[in-house]
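Have a look at the structure below before the remarks.
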Amino acid sequence: MENFVFHNPVKVIFGKGQIKAVGREIPKGSRVLFAYGGGSIKKNGVHAQVVEALASAGLEFREFAGIEPNPRFETLMKAVELARAEKLDYVLAVGGGSVVDGCKLVAAAIDFAGDPWDIVCRKAAPTNAMPLGVVLTLPATGSEMNLFSVISRDETGEKLGWGHPSVMPRFSVLDPETTYSLPARQVGNGVVDAFVHVLEQYLTYPAEAPLQDRLAESVLSTLVEIGAKAMATPPDYQARANLMWCATMALNGLIGQGVPQDWATHMIGHELTALTGIDHARTLAAVWPGVVAVKRPEKRAKLLQYAARVWGLSDGDEDARIDAAVAKTRDFFESVGVPAGLGGYNLGADIPEAIARRLSERGGLPLGERGDIDADQVRRILQAA
Ligand code: NZQ
Ligand code: ZN
């Protein structure tokens, strides 16, 4: 196991009826930027609950609507303008990962003297980020309990990740009932995103970290166990609650401490979203089979462990076990409505070359837990996916 420092100060307030805690958690006298997405929270009653919580605590607030999926820098800068004009000093993000990620940049940019895009490019660290609170409505990204944020910019066609401890939420309300209004497509996306977050931190090479391995396997096995129930209608509270907690645990830092991490599927997936607009989780299901096909020799020991512990495949020929584990993973993605492999997405033949070039030109290579995925391997991964 490698050395690590683990510090996760996010207060998680979990369960039905918890949105009212927002009024308690935001300090009195704060002036709140209440930011959300395209309006789902107005249809499902979450907006009304948040307004009630803010108003009954006597908190001043202004609303900013319209943070889109794959949040756009251009939109977020409008929220920053509003916050500056109205002297707002607390950001409340209400929505899915896109709203939370977008609000992390807004919180960092409000009092930032330079060009906020420099924060995303990691040329500058945020100074004096505003405090951020979260009401999560889509279990998927883990953004509610981590320091990461992924921002898209129209002007440059980029989708880039950044992160800073100062934008970790002060609190996150996780009320599984807020997910009842999710379309099936977004529930399936959430299951796959959480699953692949764990794979990125687990399916690498053995690092003598059996606790991290078993924590990762427990999240994977739980997702397999509850996946179908989480998709069911009418929604099942316990399945949604467990999905929500799995998604948070998948990327709150705990399972990845002291172990090698991959993230190639995500980095290639972000390029696919930037080029084609495909939902984040769908890009992961599209790319992952290619990563395990090309990196199979390097990942062999963990692939066998994954086959045995998550899918119960421990007998017979080793290669057959790995093949079966990959096939079961693909079937699992498909079972929640997310096509596995690039073939399910009708993409042009130029995609492998375009993505390899974009990553290479930006200095985004090499990728992978061993830092050995170069432009040629990116091309091969996409051809194999
Ligand atoms: O905008 P509204 O109207 O709210 O609708 C959203 C959006 O259209 C809708 N939705 C959310 N909650 C709902 C709901 N609809 C009905 N009922 C509800 N309760 O769902 C749609 C998708 O929302 P979005 O926030 O985009 O989805 P998700 O949570 O999957 O977030 C994806 C973004 O997070 C980034 C992705 O790259 C992508 O930009 N990620 C962030 C990470 C992080 N911060 O750690 C890690 C991830 O790997 C990921 O990269
Ligand atoms: Zn993800």
Within the under-13-Å Cβ sphere about Ser30, not counting Ser30, Lys/Arg +1 and Asp/Glu -1 give a net charge of +2
For Trp117, the net charge from surrounding residues (Cβ-Cβ under 11 Å; K, R +1; D, E -1) works out to -2
Here the gain from full extension of Thr75 to Arg170, 0.36 nm per residue of separation minus their alpha-carbon distance, amounts to 31.9 nm
Cβ-based net charge around His266, under 12 Å, with every Lys or Arg adding one and every Asp or Glu removing one
-3
Evaluate E = 1/(1 + (r/R0)^6) for Ala327 and Ser221, where r is the Cβ-Cβ distance and R0 equals 25 Å; express this FRET efficiency to the nearest 0.05.
0.90
State, in angstrom, two size descriptors of the stretch 299-355 derived from its alpha carbons: Rg to one decimal place and Dmax to the nearest whole number.
14.4, 41
Relative to the compact globular guide of 2.2 N^0.38 Å, what is the alpha carbon radius of gyration of the chain, as a ratio?
0.97
What distance in nm separates the two pseudo spin-label positions at Arg296 and Tyr237, each 7 Å out from Cα along the beta-carbon direction?
4.6 nm
Which angle from 0 to 90°, rounded to the nearest 10, does the C-alpha axis of helix 351-361 make with the longest principal axis of the chain?
70 degrees
Against the longest principal axis of the chain, how steep is helix 184-202, in degrees 0 to 90 to the nearest 10, with axes from Cα atoms?
60 degrees
Not counting the cut sites, what is the longest span of the chain without trypsin sites (Lys or Arg not before Pro) that DSSP labels loop and that have at most 14 other Cβ atoms within 10 Å?
124-361
Give or take rounding to whole Å, what are the principal axis extents of the alpha carbon atoms in the stretch 200-278, in descending order?
41, 38, 17
Return the Rg/Rh ratio of the stretch 183-384 with Cα-based radii and a Kirkwood Rh.
0.95
Out of Ala107, Ala320, Ala125, any idea which swings most in a Gaussian network model of the chain, alpha carbons joined below 10 Å?
Ala320
Label points 7 Å out from Cα along the Cβ direction at Lys229 and Arg370: separation in nm?
4.0 nm
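Read-outs throughout are calculated quantities, based only on the coordinates presented, and are distinct from any laboratory measurement. Please read all numbers here as calculations on a predicted model, not as lab measurements. In this analysis, Cβ positions are derived from the backbone assuming ideal geometry, glycine residues included, and neighbour counts consider all displayed protein chains.
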